[in-house]
Amino acid sequence: MAAAGWKPLKIKNCEVPTPLLSAPMMNISGYAFRSLLGRFGGCGLYYSEMLSSRKVPQERAESAILSGLGKETQVMLQLVGNDAECLRASVKKLEVYAPFGFDLNLGCSRAKIMHLGWGAAMCRDAKGTAACVAAMRNATEKPITIKLRTVWTQKQQAKTFLRMLEAEGADAVIIHPRTPEKIFTRPAKWEWIAEAKSMLRIPVIGNGDIFTPADARRMLEQTQCDGIMIGRGAVARPTIFREIMALLKNETAPASPSKADILEAYIRCLGEDISTAKRTAELKTFCEYFANGLPVPHWFWGPLQGKQDAAEIVKLARSFLVRKKL
Ligand SMILES: Cc1cc2nc3c(=O)[nH]c(=O)nc-3n(C[C@H](O)[C@H](O)[C@H](O)COP(=O)(O)O)c2cc1C
């Protein structure tokens, strides 16, 4: 029996242990970061970074982006692309890793992605997107979620699009209520999450600007959403999921380790050879967002941007956290 304040989350008859999801984040949410979050607990479902559906069908098993897959049961693999056949082939190929399910990225607003008509650009192409969702639906029995941005000016346009996703067989939607042009300087408009929740039968997951347990409770209360996805807040504070669950259950959360200890735990999760291009990229992006919200001096920030060598990045991050006693 769940305590007041939260309900168990089910996506297509599959139980998610808690209604808290970790967000897909390019060059962060790989196996190492998912393992780090897993150590602290509280997260019910972990999203991979976006995987190009154009490349996945040709990807070799030893490829860095497939690293760790097959060892986790609670992982959602996020695909990006607008070609129904590529998406179908990608789902078929990735099923062998027995993920929890698949997500389609309709949220990425990077110019490179939008230019291809992928990511958030697909929210303006209902017909093409319907074919993509249908292709994924026909390729798997596993849960399919859709993560999107709110590109529309009118709520009615959003409603029509969301109804289409539900009709094509999506099992849940994740709403990051910002237009593609809006970067993180403006707050996410949570009222769009509430609007979606009021009209859909499938679960609605809210996303955007959760940095503390109190933020999470506020989003649940204000929007009545079925679950919450956390991105930047989970990198800055990887213990946030267990802290939220403690708050929702009226319990006391375990004490948080120091930032320096979390960094060491993350480095261990990255594995023995952190000098491979993919792991170094993950380490660098992790450090960038891990330092978010801290009084970051320019002697840390500037050099971090320029560094390409994993050992030097580790040295810099260690010296910063230890010097600051964080
Ligand atoms: C470094 C970084 C990489 C991201 N990569 C992806 C991605 O691969 N796929 C995706 O759907 N969203 C991606 N996002 C967006 C996040 O999943 C999330 O929607 C956004 O950060 C808002 O949530 P937050 O306020 O909890 O961070 C990324 C965000 C960041 C900061």
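The values are calculated or read from the model by the stated rules, or taken from the named source; none is laboratory data. On a predicted model such as this, the values are computed, not experimentally measured, just so you know. Cβ atoms come from the backbone with ideal geometry, glycine included; neighbour counts cover every protein chain shown. To get the accessible areas, we keep the full protein, side chains included, count just its heavy atoms, and leave off ligands, DNA and RNA. Shrake-Rupley method; radii C 1.70, N 1.55, O 1.52, S 1.80 Å.
May I ask you to verify whether I202 is in contact (Cβ under 8 Å) with a residue 12 or more places away in the chain, β-branched (V, I, T) and within 15 Å of the ligand (Cβ to nearest atom)? Spell out the reasoning first.
Details: in contact (Cβ under 8 Å) with a residue 12 or more places away in the chain: yes; β-branched (V, I, T): yes; within 15 Å of the ligand (Cβ to nearest atom): no.
No: the conditions fail for I202.
Among the residues of segment 115-165, those that are over 22 Å from the mean Cα position of the chain (by Cα) and polar (S, T, N, Q) comprise N138, T153, Q154, Q156, Q157, T160. Answer with yes or no whether S256 is more than 21 Å from R39 (Cβ to Cβ), surrounded by fewer than 17 Cβ atoms within 10 Å (Cβ to Cβ), more than 16 Å from the ligand (Cβ to nearest atom) and small (G, A, S). Criteria not met by S256.
Within segment 294-313, residues that are open to solvent by 50 Å² or more (accessible area, probe 1.4 Å) reach partners that are part of a loop (DSSP other than H, G, I, E, B) and polar (S, T, N, Q) with beta carbons closer than 8 Å, at six or more positions or on different chains, in the pairs D309/S275; A311/S275.
Every condition in (1) at pLDDT below 95; (2) within 10 Å of the ligand (Cβ to nearest atom); (3) not acidic (D, E) holds for F211 except the one numbered (1).
Restricted to helices (runs of 4 or more DSSP H) entirely inside segment 1-118, those with at least 1 residues that are open to solvent by less than 40 Å² (accessible area, probe 1.4 Å) and within 14 Å of the ligand (Cβ to nearest atom) are 31-40, 111-115.
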